[in-house]
Amino acid sequence: MIKTVPTKPFADQKPGTSGLRKKVPVFQQKNYSENFIQSIFDSLEGFKGKTLVIGGDGRFHNREVIQTAVKMAAANGFGRVLVGQGGLLSTPAASHVIRKHKAFGGIVLSASHNPGGPDGDFGIKYNISNGGPAPEKITEAVFARTKVIDRYLISDAPDVALDRIGTNEIEGMRVQVFDPVADYQALMEELFDFDVIRDMFAGTFRMRFDAMHAITGPYARAILEKTLGAPEGTVVNGTPLPDFGGHHPDPNLVHAKALHDLMMAKEAPDFGAASDGDGDRNLIIGRNIFVTPSDSLALLSANAHLAPGYAKGIAGIARSMPTSMAADRVAERLKVKCYETPTGWKFFGNLLDAGLATICGEESAGTGSNHVREKDGLWAVLLWLNILGKRKESVENIVFQHWRDYGRNFYTRHDYEEVDTERANGLMNHIRGFLGKTDIPPLGSKTLVKSDDFAYHDPVDQSDSKGQGLRFLFKDGSRIIYRLSGTGTAGATIRVYIERYEPDPAKQGGDTQAALSDLIAIARNLAEIETRTGRSAPTVIT
Ligand code: VG1
Ligand code: CO
């Protein structure tokens, strides 16, 4: 039976960079998830009888909300839902399934790289029929609805057997529980030369993939070990756990330190990689060398033609504004355009749909292409493997060669996490005060060519997005950028992005932090970070 349940609005359901993210206890409040899901449905039109894809990254509270979402989809009139077995579905796989099965949209339960468990984070995001994150127009409508919602619809049917593949029915709506890996794996086989990669594993080539006890474990085992012949044990931490084994499923040098240490050790395998909570990020480390995500975007774009899926070349590249400008140089050489968008994958969707860009990336370990409408961790790993198999060179050689060819963009991001929100806003306002000025004492001898609050005009739907990050651009091509994170759940996270271009091969080696030390000092002084936040050092450096 379909029930109409009265409810009251929650004031804090504003979606951030990627959906609504809050602490688990917030989501456990009565009606909290229901209100948000109903607000999504209330903001959409024309889904009666259509298909909805539902899945999540397996974190704590996943199964409960999957059941809720299925019963609410039935009550709201969807004709069919596709649910990943066990309630599991990586973000890129969800994107693919939405596209392949011509679904109206999808609900992905994830807080991605944020920690999980009973005191960790949870999240809900909505993806549209192109498989990509809902654009701002929709997230704003959802938020507006959450502020006035007074009822939600739900079926009182018993729970769906999530672990059994097969078809059930609720209120006349079909519920199909499917294998979350199969469709995705088939897509990867179309894009990449699996024989080339298989040959590599049949020889001496070895890798480690750290799934961080998150969603990519089953995908990586099936593809790398079972299909490509990588030895068993190549995938570590491969079982998704509700609390990610107590770790933080953020594939960076802090949270994937074990992988980094291994890759820098004498017994390092040839290639190391990791992915995040929901499988859309990738960390790439060669023996002896960490590849920054910005460099990885540039390298993948320059070498994509070595994979069958991109043999005809790429139509364009898109990167988020804070991502280094290394990809711009590749685009220039390939004679294609490089688009600069605000942070968050939702801004790439239109460019991909319109065929303006083929490969997209963010400095935050996100890379992807037009094969889906989300960033895709394993895709990046497989493209790297395909390139390594074709070029038969080490990661280190490939990276150094790239720097020699194009110059190196030294790049780092400093995060100050859980800063008091008022203080963080004060700091941003202080920096904003410098915008447009020429006389800025903390800049010392650096020559500023432009400073602004980044705004984006979407060339496809003509929408405008303002307030996307404070930029200081210097004459020598270096940049300092400040923005506040839109994915955190406690206080504010200040992100400082620092970049300098080095064309001289003789100066391209060495430590990134040392190479950027002048700019780092300027960035700290300009923002008065220490006095305003009380922090003498960043929480995380990537
Ligand atoms: C961060 C990253 C951004 C990424 C977003 C979602 O956002 O900076 O590049 O798209 O996370 O990634 P923010 O607002 O905290 O800087 V995921 O893998 O957490 O969905
Ligand atoms: Co993610």
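The values are calculated or read from the model by the stated rules, or taken from the named source; none is laboratory data. Values in this document were obtained by computation on a predicted structure and should not be read as measured data. As a convention, Cβ positions derive from the backbone with ideal geometry for all residues, glycine included, and neighbour counts pool all protein chains shown.
General remarks:
- Where strands (runs of 3 or more DSSP E) fall wholly inside the range 142-208, the ranges with 1 or more residues that are over 30 Å from A258 (Cβ atoms) and among the basic types (K, R) are 151-155, 173-178.
- Whichever residue in the range 319-332 is touching a strand residue (DSSP E or B) at 6+ places or on another chain (Cβ under 6 Å) and part of a helix (DSSP H, G or I) and, among such residues, is nearest to ligand 2 (Cβ to nearest atom): A327
- Single condition Y406 does not satisfy, out of (1) exposed (fewer than 13 other Cβ atoms within 10 Å of the Cβ); (2) closer than 20 Å to T292 by Cβ; (3) not charged (D, E, K, R): (1)
- Breaking point among (1) over 20 Å from the mean Cα position of the chain (by Cα); (2) modelled with pLDDT of 95 or more; (3) among the aliphatic types (A, V, I, L, M), for V449: (2)
- Some residue of the range 324-340 being under 13 Å from the mean Cα position of the chain (by Cα), outside the structural domain of S465 (by TED's automatic domain parsing) and over 21 Å from H96 (Cβ atoms): no
- Members of the range 449-464 found to be crowded, with 16+ Cβ neighbours inside 10 Å and in a strand (DSSP E or B), listed by number: S451, D453, Y456
- Taken over the range 106-128, the criterion of being away from ligand 1 (no atom under 14 Å from the Cβ) and surrounded by fewer than 24 Cβ atoms within 10 Å (Cβ to Cβ) is satisfied by G117, P118, D119, I128.
- Checking G467, G477, G486 one by one, the residue that is outside any strand (DSSP E or B), of a type in the set (G, A, S) and either touching a Cys at 6+ places or on another chain (Cβ under 7 Å) or within 19 Å of T292 (Cβ to Cβ) (or both) is G477 and no other.
- Residue pairs whose Cβ atoms lie under 6 Å apart, sitting 6 or more positions apart in sequence or on different chains, and linking a residue in the range 199-218 that is under 15 Å from F271 (Cα atoms) to a partner that is buried (at least 21 other Cβ atoms within 10 Å of the Cβ) and modelled with pLDDT under 95, are D210/A256.
- Just one residue in the set T17, T51, T4 is out of contact with any helix residue (DSSP H, G or I) (no Cβ under 7 Å at 6 or more places or on another chain), within 16 Å of ligand 1 (Cβ to nearest atom) and among the β-branched types (V, I, T); that residue is T17.
- Among the residues of the range 94-103, the one identified as assigned to a loop (DSSP other than H, G, I, E, B) and surrounded by 21 or more Cβ atoms within 10 Å (Cβ to Cβ) is A103.
- If you go through the range 342-362 and keep only what is among the small types (G, A, S) and within 9 Å of ligand 1 (Cβ to nearest atom), you end up with just G344.
- Here G55, G46, G86, G79 are screened, and the one residue that is touching a Leu at 6+ places or on another chain (Cβ under 7 Å) and surrounded by fewer than 24 Cβ atoms within 10 Å (Cβ to Cβ) is G86.
- Of all the residues in the range 363-382, those that are assigned to a helix (DSSP H, G or I) and more than 11 Å from ligand 1 (Cβ to nearest atom) number 5.
- Condition met for P180 (touching a Gly at 6+ places or on another chain (Cβ under 9 Å) and modelled with pLDDT under 95): yes
- Contact map, the range 333-362: first residue part of a strand (DSSP E or B), second residue modelled with pLDDT under 95, Cβ cut-off under 6 Å, separation 6 or more or different chains; pairs are T341/F347.
- In the set (1) at pLDDT 95 or above; (2) surrounded by 19 or more Cβ atoms within 10 Å (Cβ to Cβ), the condition left unmet by K30 is number (2).
- Being farther than 12 Å from S296 by Cβ, surrounded by fewer than 24 Cβ atoms within 10 Å (Cβ to Cβ) and more than 15 Å from ligand 1 (Cβ to nearest atom) is a description that does not apply to L385.
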